[in-house]
Amino acid sequence: MELRVLKYFLSVARNENISKAAEELHLTQPTLSRQLSELEEELGTRLFVRGKRRTTLTEEGIFLKERAREIVALADKTVAQFLQTEENIAGEIYIGCGETAAMQEVIRVLAALHQSYPHILFHIFSGNEESITDMLQKGLVDFGVVCRGHVPAEYVYLELPHRDRWGLLLNRHSPLAEKKAISREDLLQEPLVISRQHTAGSQLEHWLKYPLGDLNIVATYNLLYNAAFFAQENMAGVLCLEDIVEDEGSKFPDVVFRPLTQQIFSSNYIIWRKNQVFSRAARIVLAGFEVAFGEESDVNS
């Protein structure tokens, strides 16, 4: 597969119309159609269902769309890194981050670096730990910021000074909202929304001293903002980290946060792959992180 043809494929997938895509790509329609047919022949499968007005993706086409996006993004990132010069450091830095107040510490470093290197462009991707580590492994981001009990063995890390406290977002009219802190027994009585990252043997289950399956879980989430509406509507309590969603804010006037009785904290880390090859711009950012947060650590060292 040629990178050029993958970009053609993505244009057709985005426009859902070969004529519009050909116009966007400055190609003739027969040329574009031939390139797509050759791609289907190379892969041995149909990628499109061609209708009179609309061209849609087959199941195989949807799969290729996700892979093509990753391939094109990685290629563009690589080209941008080679365009950097010693005299005028420029480049694009990609950071995947979970929802945590610790990001303020990270952004503070980036803000200071921007004063000296104004031509470095920062891209921030929000997601849960699974999506962040997936992007790291594929080379789509340079650094990840994760909140967890420990760092997986395949990464090098810097620990951030901020730790996040676990608790429950509740509607202020919930009986549990009258308590200053939430006990293990309280959680058994409450319909709950929990993060998808909570699994058997997790930090939360260790604190509970009973299986997560014993909880009345009505929903799961990967990012907290939308999940907070469950508490706003008084449907369920949301197990989460403090200070991510502003309780009693304009969007959530009836939501309050209550910590767990035995306070549970999760540490935050900047992580990257072992033996990772950094661009000049990324090396500068890493040096800034090291000055701010100390020397990096290898979990196997």
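The values are calculated or read from the model by the stated rules, or taken from the named source; none is laboratory data. Predicted model only: the values in this text are computed from it and were never measured. Heads up, the Cβs are rebuilt from the backbone with ideal geometry, glycines too, and the neighbour counts pull from every protein chain shown. All accessible areas refer to the heavy atoms of the entire protein, side chains included, with ligands and DNA or RNA removed. Shrake-Rupley method; radii C 1.70, N 1.55, O 1.52, S 1.80 Å.
Take the residues of segment 255-284 that are touching a residue at least 60 places away in the same chain (Cβ under 8 Å) and open to solvent by 50 Å² or more (accessible area, probe 1.4 Å): which is farthest from Phe125 (Cα to Cα)? Only one residue fits best here, namely Thr261.
With respect to the conditions (1) under 30 Å from Asp76 (Cβ atoms); (2) part of a helix (DSSP H, G or I); (3) not hydrophobic (A, V, I, L, M, F, W, C), Tyr269 lacks only one, and its number is (2).
Taken over segment 140-166, residues that are over 23 Å from Ile264 (Cα atoms) and either at pLDDT 90 or above or assigned to a strand (DSSP E or B) (or both) amount to 6. The set of residues in segment 221-233 that are under 16 Å from the mean Cα position of the chain (by Cα) and not in a helix (DSSP H, G or I) comprises Tyr221, Asn222, Leu223. The residues listed here are Leu32, Leu43; of these, the one that is under 20 Å from Val72 (Cα atoms) and surrounded by 15 or more Cβ atoms within 10 Å (Cβ to Cβ) is Leu32.
Given the condition of a type outside the set (S, T, N, Q), open to solvent by 50 Å² or more (accessible area, probe 1.4 Å) and without any contact (Cβ under 8 Å) to a residue 60 or more places away in the chain, answer yes or no: does some residue in segment 98-106 qualify? No, the conditions are met nowhere in segment 98-106. Residue count for segment 234-253, restricted to those that are over 24 Å from the mean Cα position of the chain (by Cα) and open to solvent by less than 50 Å² (accessible area, probe 1.4 Å): 2. In contact (Cβ under 8 Å) with a residue 60 or more places away in the chain, among the acidic types (Asp, Glu) and either more than 16 Å from Ala236 (Cβ to Cβ) or surrounded by 17 or more Cβ atoms within 10 Å (Cβ to Cβ) (or both) - does that describe any residue in segment 139-148? Looking through segment 139-148, at least one residue is in contact (Cβ under 8 Å) with a residue 60 or more places away in the chain, among the acidic types (Asp, Glu) and either more than 16 Å from Ala236 (Cβ to Cβ) or surrounded by 17 or more Cβ atoms within 10 Å (Cβ to Cβ) (or both).
Checked against the criterion of being surrounded by 13 or more Cβ atoms within 10 Å (Cβ to Cβ) and of a type in the set (Gly, Ala, Ser), segment 5-16 contains one or more residues that satisfy it. Selection of segment 34-56 for residues being out of contact with any strand residue (DSSP E or B) (no Cβ under 9 Å at 6 or more places or on another chain) and modelled with pLDDT of 85 or more yields Arg34, Gln35, Ser37, Glu38, Leu39, Glu41, Glu42, Leu43, Gly44, Thr45, Arg46, Arg54.
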